[in-house]
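Report on the structure given below.
The values are calculated or read from the model by the stated rules, or taken from the named source; none is laboratory data. Since we're looking at a predicted model, the values are computed, not measured. Ideal geometry is used to build each Cβ from the backbone, glycine not excepted, and the neighbour counts take in all protein chains shown.
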Amino acid sequence: MLQPAEILAAVVFLPLVGALVLALFPAGDHNNLKGTAIGLTTANFLLSLLLWGNFRPGPGYQMELNLAWIEPFGIHFHLGLDGISLVLVILTTFLMPLTLLGAWSAVEHRVKEFVIAMLALETGMLGAFVSLDLFLFYLFWEAMLIPMYFLIGIWGGQRRIYAAVKFFIFTMAGSLLMLVAILVVATQPTGGFDFSLATALTRDFAPQTERLLFWAFAIAFAIKVPMFPVHTWLPDAHVEAPTAGSVILAGVLLKLGVYGFVRFAFPMFPNAALAAAPVLGWLAVIGIVYGALVAWVQPDMKKLVAYSSVSHLGFCMLGLAAMTTEGVAGAIFVCIAHGISTPALFLLVGMLYERRHTRVLADYGGIARKVPIFAFFLVMTVMASAGLPALSGFPGEFLVLLGTYTSPHGLGRIWTIVAATGVILAAVYLLWMTQRVLFGPLQNPANEDLQDMNAREIVTLVPLMVMAVFLGLHPSTILDKIEPASTRFVQLVHQGSGTNYQADAGALRRSSGVQMRPTTPSIQLPIRGQNPGGPPPGAFQRVPGLRGLDMVAPVKEQ
Amino acid sequence: MSISLPALEPLLPGLLLVGVAILLLMYEVFAGQADRTYAAHLAVVGLGLSMFLSLKAVGTPRALLFGTDLANAPLIVDDFARVASALVAAAGLVAALLSPSYAKNAGHDHGEYYGLILFAVVGMMIMSMAGDLMTFFLGLETMSIAVYALTGLRAHDPRSTEAALKYFLMGAFATGFLLFGIALVYGATASVSLATLATFKAGSPLLTLGIALILIGFAFKVAAVPFHMWAPDVYEGAPTPVTGFMAVGVKAAAFIALLRLVHSGLGVSAQTDSTWIPILSALAVLTILVGNVLALVQQNVKRMLAYSSVSHAGYLLIGVVAAARGEASAGSAIIFYLTSYTFMTLGAFGVLTFLERKEGGPESERYGAFAGIGFRHPALGMAMSLFMVALAGMPPTGGFFGKLYLFTAAIRAEETWLALVGIAGSLISVYYYLRVIVAFYMREVPEPGPTPTATRSAQLTLGVALAAFFVLQLGLFPAPLLALTKSAMLSLGL
Amino acid sequence: MSPAIPVENYLYLAIVLFSIGAAGVLIRRNAIVVFMCIELMLNAANLVLISFARHHADPAGHIYVLLVMAVAAAEVAVGLAIMIAMFRERKSIHVDDLRDMHG
């Protein structure tokens, strides 16, 4: 039996091995190629569930695999998981077979290259989520750029080359900045190199240097998220990308930006991060509202969904900027929820496009009667995306707003209010879209013969819908995994910068009256040397507020 | 001074090549109209053996030839020279593999061709071993004269002769500067030895002028801006495998010699005399920016690669600045970068050789001529993508690790701004390298598409495959080469 | 070493020769003349070498001059061959006619 660490490595590299095997297949046998790819990715999903099973609750890294790699440079092949990585890994492996299944009939030419690109992309994404070495992370981070570039550039729409190059150059610009910062961080004062994340976390820099390094990382990740104002590549990329590309882009790739902030930018440069949090927070709320407003006026469905991503990812960044456990856990939850609802939206738009070859809202209207199954799925997805309670969109956004309101720096309440309008706007533009597509009189005669979803398409969407409902009703399934890691993250940042977060948070809580449990402060953070009466350093407590969101399971603490 | 045969043993890798080259030239007299593939094979075997001998000797003590100490030995065979010799032999080897099918296609299938490549490699080896400036000059000329002839080998192609004449005139011009500089240094120090040069801490005007002229000569050879004007025309006009060989071999040899100069002679004066660092830095910045921007606007792929090769010289100059600052790792970084650059550039030119059309001409080298190649020749498309990605400096390739090493050296030498300029240059370069991939994979193919001859030959395939293998190997498992470069730099006393 | 003419004077003469040569390369348009100018530059270097060899009383300088002359001869051989090939192709050896490639 494989050790858990070996399973982790296997999960990361199985798709790449699969891609190499598929390269030997005859190019003409499309069904065989697609079938094998779907089989491989499904197997990889099942394998990744073993990771879930092996995961012990706790804040640290688990299933670590640490091999010497490039000794003279202090570079290690170091993989490992914490709760945040775990859920994102599962999200990736979960989406992959569905995406391939969804693309079954959409991709008809260059099928072999398509499945190879998809599988290579999966290895890149998974690797980036579990790398604990800066060099290794950078390698995966860049490596996934190339297959995505091919996906957009080869199988995309009219302006695909423009979109692909723009995507590439934007991301690359950020990555190169990050590379310089990585090199600075990895160069030890003693003269040698060490690229391991653990060492990077212990390093102290002069404030000026730290600020520069933080922004170098932050810009790279902000482009990927994408945050306002560096989001402009995303609508182009989404509109031109094939459905499969959009699904992966929105479902996983954007999350890497958020993940980068959580894993690298914030903990490595805590002082600079706390200093920058107001800026990031403002950019995030601007992104939320701006994305929502622009989405509202889009005539093109895919562009609408693309801008809705800008808006949703704004919530993720807001949660991080708030720097509270609720905010961070909420941000990761939004990532997962967005990774379920937006891929579903893109798949649905793709299905319409395959039939009618148009994505313009005005070309539809009243098709609900013709395609009832499609209408059902679209309504479900839209509700999940808009953050209706009992569906997956709700808990994350709620936690982010909660975490932001109680944020230790004073801007939290203003942000909460502005961001809350974003929630309302999301409902508006999504329902507006649904209404214009599905309901009203069927005016366009071209829609008379619209075919409803076939069995394959239903099979593609059902798992997504099940997850949307399940996570809405039972968010603690993944919150349990995220929460310790989130607490540890918040701890790392506050500890690193030496602020006594507990006192601040407590004061805010009392004044705002948003206490989840009146008797104890809801967040107990051990601050080294500043909290002699508290739990020992490294210990951490559950945040009861997170469990209160479970709608089905009884909340044990109360 | 009597020379016994065993004393020449350290020179064996070079002597072997001279022997093979002479053999090839002699045999050419009797060969008649026969196929010259045998000549390629002989050259490849010779180069491979020479490379093996050089690498095998790494780790053995330094050998001084025709002299007793560093100050009077014209040839110094240390690990630095051995690693460098292996590198240029590898460049010659891949170039020789790329040549047979091209030569047959272009109708200039001569045995002398391989002889010239071997002589050029020998010249490069001498450059890397040179203990004094005069030996270095001789090595440089051995290399240059052979490469002039190689460039003009397609005597009936106007582009080839034009390239040869331009290269010859500019090369000879540069030689004039270099030689005058050497003469002035000789005047100032009463010696041409690098070790003696190192003892002159404060530069007299004569010495400063001499070193400046030598640097100008170098700048010409590596095509650093503003001495780069010849490069694009020469690269475009020369036979494609020769272009590849020129782009990597000449550059590698020049930088390696410059490295020895910096570490033994110039470096000392650079640290005491503050004029060199700003001048070298300015040269590096200009070269990176101008090279990249001009590459951006090219419509011809070969020409684009020429300008991009100018910009790569700029990245390497960053390493030279760091080395002149006394940063110990800069030298290994330069050797590492040169090695990975050798493979990715030769690989790219190999793919171009594959796609060369019978009629030749600039039309077959435009971006548009490559539409859809990626699907018609999947392996070739993958290889070209790999080389482009490597040239752009992306992981997981040797190009990435080389840049990483080079820029780290700059950061450690407290020249972070130079690293940033290098990064900015790389970002610009991403655009034009991607254009090749766009042409290969994403452009609509007019039906019926253009059908390049796709000159297939086992040697060419092997050459491209070797290049691709090493580009990946250097990116994923750079440790063996890192060890080699380290022992090379140790032998220079670092 | 003849005391009558100090070594500086040789040096100045060499610099003048070198400058004439370099200027000629940049100004002249006939490839043969350009090449002769380059030879002038090389010979300026030779002059420096030989005069300093006398000045330093170091015989090595004389040997260097011989080496340079040998190298220059080899260069002439290849250079003239290239020019002949060029002349066969376009009946001209003016460098202004080298304009097949641009960009």
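Could you go through the stretch A:323-341 and let me know if any residue there is over 27 Å from A:F94 (Cα atoms) and within 18 Å of the chain's Cα centre (by Cα). I'd like the intermediate steps shown before the answer.
Within the stretch A:323-341, the subset over 27 Å from A:F94 (Cα atoms) is A:323-324.
So of that shortlist, the ones also within 18 Å of the chain's Cα centre (by Cα) come out as A:323.
There is at least one residue in the stretch A:323-341 that is over 27 Å from A:F94 (Cα atoms) and within 18 Å of the chain's Cα centre (by Cα).
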For the stretch A:421-435, which positions are more than 21 Å from A:R359 (Cβ to Cβ) and free of Cβ contacts under 8 Å to residues at least 24 places away in the same chain?
A:I424
Taking the residues in the stretch B:370-407 that are touching a Lys or Arg at 6+ places or on another chain (Cβ under 8 Å) and of a type outside the set (F, W, Y) as candidates, determine which candidate is nearest to the other protein chains (Cβ to nearest Cβ).
B:G393
Considering only the stretch A:223-232, I want to know if a residue exists there that is at pLDDT 85 or above and either touching an Asp or Glu at 6+ places or on another chain (Cβ under 6 Å) or closer than 23 Å to B:L406 by Cα (or both).
no
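Which residue, of A:A37, A:A10, A:A27, is surrounded by 20 or more Cβ atoms within 10 Å (Cβ to Cβ) and of a type in the set (A, V, I, L, M)?
Details: A:A10 fails: surrounded by 20 or more Cβ atoms within 10 Å (Cβ to Cβ); A:A27 fails: surrounded by 20 or more Cβ atoms within 10 Å (Cβ to Cβ).
That would be A:A37, the only listed residue that is surrounded by 20 or more Cβ atoms within 10 Å (Cβ to Cβ) and of a type in the set (A, V, I, L, M).
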Which condition number in (1) at pLDDT below 90; (2) assigned to a helix (DSSP H, G or I); (3) touching a helix residue (DSSP H, G or I) at 6+ places or on another chain (Cβ under 7 Å) is the one that A:P15 fails?
(1)
Residue under evaluation A:A419, criteria (1) surrounded by fewer than 20 Cβ atoms within 10 Å (Cβ to Cβ); (2) under 22 Å from the mean Cα position of the chain (by Cα); (3) among the aliphatic types (A, V, I, L, M), criterion not met
(1)
Among what's in the stretch A:219-233 and is touching a Leu at 6+ places or on another chain (Cβ under 8 Å) and under 18 Å from A:A292 (Cβ atoms), pick the residue that is surrounded by the most Cβ atoms within 10 Å (Cβ to Cβ).
A:V225
Quick one: count up the residues across the stretch A:305-359 that are within 25 Å of A:V428 (Cβ to Cβ), among the polar types (S, T, N, Q) and not in a helix (DSSP H, G or I).
1
Could you list all residues from the stretch A:183-202 that are at the interface with chain B (Cβ under 9 Å from one of its Cβ atoms) and assigned to a helix (DSSP H, G or I)?
A:L183, A:V184, A:A186
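Residues that are among the hydroxyl-bearing types (S, T, Y) and more than 14 Å from chain B (Cβ to nearest Cβ), at least 2 per element: which helices (runs of 4 or more DSSP H) completely within the stretch A:53-147 meet that? Steps first, please.
Working: elements: A:83-102, A:111-130, A:134-143.
Per the criteria, A:83-102.
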What pairs come up if the first residue lies in the stretch A:147-176 and is more than 14 Å from A:L249 (Cα to Cα), the second is part of a helix (DSSP H, G or I) and polar (S, T, N, Q), and their beta carbons are under 7 Å apart, counting only those six or more places apart or on different chains?
A:L176/B:S426
Check on B:A81, more than 30 Å from B:L352 (Cα to Cα), at pLDDT 90 or above, surrounded by 24 or more Cβ atoms within 10 Å (Cβ to Cβ) and not polar (S, T, N, Q):
yes
Counting only residues that are under 23 Å from A:A337 (Cα atoms) and in contact with a strand residue (DSSP E or B) (Cβ under 6 Å, 6 or more places away or on another chain), the stretch A:267-299 contains a total of 0
What is the one condition in (1) within 30 Å of B:G291 (Cβ to Cβ); (2) facing chain B (nearest Cβ under 9 Å); (3) not hydroxyl-bearing (S, T, Y) that C:A23 does not satisfy?
(2)
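For the stretch A:286-302, which positions are buried (at least 19 other Cβ atoms within 10 Å of the Cβ) and under 21 Å from the mean Cα position of the chain (by Cα)?
Going through the stretch A:286-302, the residues buried (at least 19 other Cβ atoms within 10 Å of the Cβ) turn out to be A:287-288, A:290-292, A:294-295, A:298, A:301-302.
Across the stretch A:286-302, the qualifying residues are A:G287, A:I288, A:Y290, A:G291, A:A292, A:A295, A:K302.
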Looking only at the stretch B:228-265, and only at residues there that are touching a Phe, Trp or Tyr at 6+ places or on another chain (Cβ under 7 Å) and within 13 Å of chain C (Cβ to nearest Cβ), the one that is surrounded by the fewest Cβ atoms within 10 Å (Cβ to Cβ)
B:W230
Residue under evaluation A:A206, criteria (1) within 8 Å of chain B (Cβ to nearest Cβ); (2) closer than 28 Å to B:V421 by Cα, criterion not met:
(1)
Given the structure, is C:A45 more than 7 Å from chain B (Cβ to nearest Cβ), assigned to a helix (DSSP H, G or I) and farther than 19 Å from B:L165 by Cβ?
no
The stretch C:10-20, residues that are more than 8 Å from chain B (Cβ to nearest Cβ) and touching a helix residue (DSSP H, G or I) at 6+ places or on another chain (Cβ under 9 Å)
C:Y10, C:L13, C:I15, C:V16, C:L17, C:S19, C:I20
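Take the conditions surrounded by fewer than 24 Cβ atoms within 10 Å (Cβ to Cβ) and within 11 Å of another protein chain (Cβ to nearest Cβ) and apply them to B:I182. Does it pass? Even if it seems obvious, please write down each step before you answer.
Values: surrounded by fewer than 24 Cβ atoms within 10 Å (Cβ to Cβ): no; within 11 Å of another protein chain (Cβ to nearest Cβ): yes.
Here the answer is no, as B:I182 does not meet what is asked.
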Taking the stretch A:148-177 and keeping residues closer than 29 Å to A:H78 by Cβ and at the interface with chain B (Cβ under 8 Å from one of its Cβ atoms) leaves A:Y149, A:F150, A:F168, A:M172, A:A173, A:L176, A:L177
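Take B:T60 and tell me if it is over 23 Å from B:S487 (Cα atoms) and among the hydroxyl-bearing types (S, T, Y). Don't jump to the end; show me each part of the working.
Values: over 23 Å from B:S487 (Cα atoms): no; among the hydroxyl-bearing types (S, T, Y): yes.
The answer is no for B:T60.
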Scope the stretch B:420-444; condition over 17 Å from B:F400 (Cβ atoms), among the hydrophobic types (A, V, I, L, M, F, W, C) and more than 9 Å from every other protein chain (Cβ to nearest Cβ); matching residues
B:V421, B:V436, B:A439, B:F440
Which one of C:I38, C:I82 is facing another protein chain (nearest Cβ under 7 Å), within 14 Å of the chain's Cα centre (by Cα) and crowded, with 18+ Cβ neighbours inside 10 Å?
C:I38
Check C:A74 against each of (1) surrounded by fewer than 17 Cβ atoms within 10 Å (Cβ to Cβ); (2) more than 8 Å from chain B (Cβ to nearest Cβ); (3) among the hydrophobic types (A, V, I, L, M, F, W, C) and name the one condition it does not meet.
(2)
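Residues to consider are B:A120, B:A149, B:A106, B:A155; find the one that is among the hydrophobic types (A, V, I, L, M, F, W, C), within 16 Å of B:V242 (Cα to Cα), surrounded by fewer than 24 Cβ atoms within 10 Å (Cβ to Cβ) and more than 9 Å from chain C (Cβ to nearest Cβ). Before you say what the answer is, go through the steps one by one.
On the way: B:A120 fails: surrounded by fewer than 24 Cβ atoms within 10 Å (Cβ to Cβ); B:A149 fails: more than 9 Å from chain C (Cβ to nearest Cβ); B:A155 fails: more than 9 Å from chain C (Cβ to nearest Cβ).
Exactly one of B:A120, B:A149, B:A106, B:A155 is among the hydrophobic types (A, V, I, L, M, F, W, C), within 16 Å of B:V242 (Cα to Cα), surrounded by fewer than 24 Cβ atoms within 10 Å (Cβ to Cβ) and more than 9 Å from chain C (Cβ to nearest Cβ), namely B:A106.
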For the stretch A:449-470, check the following and say yes or no: at least one residue is of a type in the set (D, E, K, R) and surrounded by 20 or more Cβ atoms within 10 Å (Cβ to Cβ).
yes
Reported set for the stretch C:48-69 where residues are more than 10 Å from chain B (Cβ to nearest Cβ) and either touching a Ser or Thr at 6+ places or on another chain (Cβ under 8 Å) or in contact (Cβ under 8 Å) with a residue 24 or more places away in the chain (or both) is C:R54
